[in-house]
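K.L.:
Below you'll find the structure I mean.
The values are calculated or read from the model by the stated rules, or taken from the named source; none is laboratory data. In this text, all values refer to a predicted model and were calculated from it rather than measured experimentally. All accessible areas refer to the heavy atoms of the entire protein, side chains included, with ligands and DNA or RNA removed. Shrake-Rupley method; radii C 1.70, N 1.55, O 1.52, S 1.80 Å.
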Amino acid sequence: MEFDFGPFGAFGTFVSGLMAIGAIIQLGLVIFLVIVLVDLRAFLREGTRLMRRTDRFLSRKESSE
């Protein structure tokens, strides 16, 4: 038995393909955002440590003057 849906079947297949590609792109964007957020978290943690060290350095410098 062979099914032939004509141009509507071809259009439906095309739309299904576009939806699959869109889902893959969305998954890629989600993975990219997770990587960026994890990296941002590490960057902010390092920045906080640097600010603490700078504050200690400046307070010691003020107290020695």
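K.L.:
Within the stretch 25-34, can one find any residue that is assigned to a helix (DSSP H, G or I), modelled with pLDDT under 90 and among the β-branched types (Val, Ile, Thr)?
P.N.:
Taking every residue of the stretch 25-34 in turn, none turns out to be assigned to a helix (DSSP H, G or I), modelled with pLDDT under 90 and among the β-branched types (Val, Ile, Thr).
K.L.:
Among the listed residues ILE35, ILE21, ILE31, identify the single one that is β-branched (Val, Ile, Thr) and open to solvent by 100 Å² or more (accessible area, probe 1.4 Å).
P.N.:
Result: ILE35 is the single residue among ILE35, ILE21, ILE31 that is β-branched (Val, Ile, Thr) and open to solvent by 100 Å² or more (accessible area, probe 1.4 Å).
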